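To keep things clear, I will list the structure first and then write my remarks on it.
The values are calculated or read from the model by the stated rules, or taken from the named source; none is laboratory data. A quick note: this is a predicted structure, and the numbers were derived from the prediction, not measured. Neighbour counts are summed over all protein chains in view; Cβ atoms, including those assigned to glycine, are modelled from backbone coordinates with ideal geometry. Only protein heavy atoms, including side chains, enter the accessible area calculation; ligands, DNA and RNA are left aside. Shrake-Rupley method; radii C 1.70, N 1.55, O 1.52, S 1.80 Å.
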Amino acid sequence: MMTIDKFNFAGKKAIVRVDFNVPLNEEGKITDDTRIRGALPTLKKILADGGALIIMSHMGKPKGKVNAKYSLSQIVDAVSAALGVEVKFAPDCAKASEAAAALKPGEVLLLENLRFYPEEEGKPVGIEKEDPAYEDAKKEMKARQKEFAKTLASYADCYVMDAFGTAHRKHASTAVIADYFDADHKMLGYLMEKEVQAVDNVLKDIKRPFTAIMGGSKVSTKIGIIENLMDKVDNLILCGGMAFTFAKAQGGKIGNSLVEDDKLQLALDIIEKAKAKGVNLVLGCDCIAADAFSNDANTQVCDDSNIPDGWMGLDAGPKTREEFKAAIKGAKTILWNGPAGVFEMDNFAGGSKVIAEAIAEATKEGAFSLIGGGDSVACINKFGMADQVSYISTGGGALLEAIEGKILPGIAAIRGDK
């Protein structure tokens, strides 16, 4: 497989799929530029070699329609500042052949949001899956998707996939486009190489003990990962809103806490599976409960299984935090996905902060720590500890699918895997 280090971009036009799906405030200003900074090494290498650069990305979910709210024109200035080069803008990603042809070495063109075209995602629009005509509509859309990918490919001499955040999607720009370049003219960017290596570190090259921390609100969205990790981890911390589904499944009284009532049996199955596999499952025993979903709510420390009516658990309690610390201390491989509480509210960020501090301490002592998933990344950034862990993944869904053991189409398309 061609690598970006081996390829000389001098005199070549490179089309690079990045993930510039960055959060914007009401004024259209970027509130977190992590994803742009993550792509810079790849983009700068192409320019330093003397190549011309065509950048493509999606933003938000415009569902195949033009929507000014998701226009990448809003980030042109920020990308120009980050690259130190004036970035030109193509207002229609599928009609940019003239702008691409005119690019000189060292110049940069940013294409408008790929998802303004339904062909990018390749899903039929305006027809339900139950409709008898759906299969024909799907075939027709797949043919249009190939044409769309071919158009994008026609702008450049080579293709670089550097959007790990979308690598789990078989979209025109993340996988289909690779069919229009030979093996020597398609490659993963630096960010993708690092992401793939980081996932391999926690799944294939495991140093023990291995502690995984899975947080967030729902057990249902993490079940595939939890099951795959059961065969690999020594300690599994399950925290955040999903903890209350486990508490209720075991007969606990959880007040108004978040719960998935249809997943109670699943929670019991996970507890049994952990026992059978000898995994130390840490579910916590107490929480900080509040009488309203608000930073200013009244709070009290409660047992997870005895929360009064009208109260809800919003963070891990003091005893639970000690259990978290004990399970992380001394670990040599650590994976963290999902917070331990409503960390966006300062009064309920303590549990997540304890996890972050314990991970930083273990990393200092030689652990490999991988932080992934939007909320965990926002967490570590909020606490100002991003530089104290081994690796922060830019991919939410992609990271989770990789950890589930799934083949990611964006990587398979470059490697030639089927």
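Scanning the range 15-40 for residues that are of a type in the set (Asp, Glu) and either under 21 Å from residue 109 (Cβ atoms) or open to solvent by less than 30 Å² (accessible area, probe 1.4 Å) (or both) returns 19, 33. Out of 243, 289, 327, I need the residue that is within 30 Å of residue 206 (Cα to Cα), touching a Gly at 6+ places or on another chain (Cβ under 7 Å), modelled with pLDDT of 95 or more and not charged (D, E, K, R). Which one? The unique qualifying residue is 243. Which one is surrounded by the most Cβ atoms within 10 Å (Cβ to Cβ), of the residues in the range 236-264 that are within 25 Å of residue 334 (Cα to Cα) and not aliphatic (A, V, I, L, M)? Residue satisfying both the conditions and the ranking: 240. Just so you know, in the range 190-235 the residues that are at pLDDT 95 or above and of a type in the set (Ser, Thr, Tyr) include one that is surrounded by the most Cβ atoms within 10 Å (Cβ to Cβ), and it is 211.
Looking at the structure I just gave you, is residue 7 at negative phi, in contact with a Leu (Cβ under 9 Å, 6 or more places away or on another chain) and in a loop (DSSP other than H, G, I, E, B)? No, not satisfied. I need the full set of residues from the range 77-91 which are within 25 Å of the chain's Cα centre (by Cα) and buried (at least 16 other Cβ atoms within 10 Å of the Cβ), in order please. If the condition is that a residue be within 25 Å of the chain's Cα centre (by Cα) and buried (at least 16 other Cβ atoms within 10 Å of the Cβ), then 78, 79, 80, 82, 83 are the ones that fit. From 381, 347, which residue is more than 19 Å from the chain's Cα centre (by Cα), within 29 Å of residue 286 (Cα to Cα) and of a type in the set (S, T, N, Q)? Criteria check complete, one pass: 347. Going by the structure shown, is residue 63 at pLDDT 95 or above and out of contact with any Ser or Thr (no Cβ under 9 Å at 6 or more places or on another chain)? It is false that residue 63 is at pLDDT 95 or above and out of contact with any Ser or Thr (no Cβ under 9 Å at 6 or more places or on another chain).
Taken over the range 356-373, residues that are part of a helix (DSSP H, G or I) and in contact with a Gly (Cβ under 8 Å, 6 or more places away or on another chain) amount to 1.
Against the numbered list (1) part of a loop (DSSP other than H, G, I, E, B); (2) in contact (Cβ under 8 Å) with a residue 60 or more places away in the chain; (3) touching a Gly at 6+ places or on another chain (Cβ under 9 Å), residue 123 comes up short only at (2). Being small (Gly, Ala, Ser), at pLDDT 85 or above, farther than 24 Å from residue 227 by Cα and open to solvent by less than 20 Å² (accessible area, probe 1.4 Å), is that true of even one residue in the range 369-382? Checking the range 369-382: not a single residue is small (Gly, Ala, Ser), at pLDDT 85 or above, farther than 24 Å from residue 227 by Cα and open to solvent by less than 20 Å² (accessible area, probe 1.4 Å). Residue count for the range 290-311 satisfying the condition of being without any contact (Cβ under 8 Å) to a residue 60 or more places away in the chain, assigned to a loop (DSSP other than H, G, I, E, B) and buried (at least 16 other Cβ atoms within 10 Å of the Cβ): 3. Scanning the range 47-75 for residues that are more than 22 Å from residue 161 (Cβ to Cβ) and surrounded by fewer than 16 Cβ atoms within 10 Å (Cβ to Cβ) gives 63, 65, 66, 67, 68, 69, 73. Only one of these conditions is not met by residue 94: (1) closer than 30 Å to residue 126 by Cβ; (2) in contact with a Ser or Thr (Cβ under 9 Å, 6 or more places away or on another chain); (3) open to solvent by 40 Å² or more (accessible area, probe 1.4 Å). Which number is it? With respect to (1) closer than 30 Å to residue 126 by Cβ; (2) in contact with a Ser or Thr (Cβ under 9 Å, 6 or more places away or on another chain); (3) open to solvent by 40 Å² or more (accessible area, probe 1.4 Å), residue 94 is out only on (3). For residue 110, the conditions (1) modelled with pLDDT of 95 or more; (2) assigned to a helix (DSSP H, G or I); (3) open to solvent by less than 20 Å² (accessible area, probe 1.4 Å) are fulfilled apart from (2). Restricting 407, 355, 403 to those that are crowded, with 22+ Cβ neighbours inside 10 Å and under 18 Å from the mean Cα position of the chain (by Cα) reduces the list to 403. If you go through the range 266-289 and keep only what is open to solvent by 20 Å² or more (accessible area, probe 1.4 Å), over 14 Å from residue 247 (Cα atoms), in a helix (DSSP H, G or I) and touching a residue at least 40 places away in the same chain (Cβ under 8 Å), you end up with 273, 277.
The number of residues in the range 14-23 that are over 16 Å from residue 93 (Cα atoms) and touching a Phe, Trp or Tyr at 6+ places or on another chain (Cβ under 9 Å) comes to 0. State which residue is least open to solvent (accessible area, probe 1.4 Å) when the search covers only the range 1-14 and only residues that are at pLDDT 95 or above, under 21 Å from residue 149 (Cα atoms) and not small (Gly, Ala, Ser). Here the answer is 13. Would you mind stating whether residue 341 is open to solvent by less than 40 Å² (accessible area, probe 1.4 Å) and of a type outside the set (Lys, Arg)? Yes: the conditions hold for residue 341.
I'd like to know if the range 132-148 contains one or more residues that are over 24 Å from residue 50 (Cα atoms), in a helix (DSSP H, G or I) and small (Gly, Ala, Ser). Yes, that holds for at least one residue.
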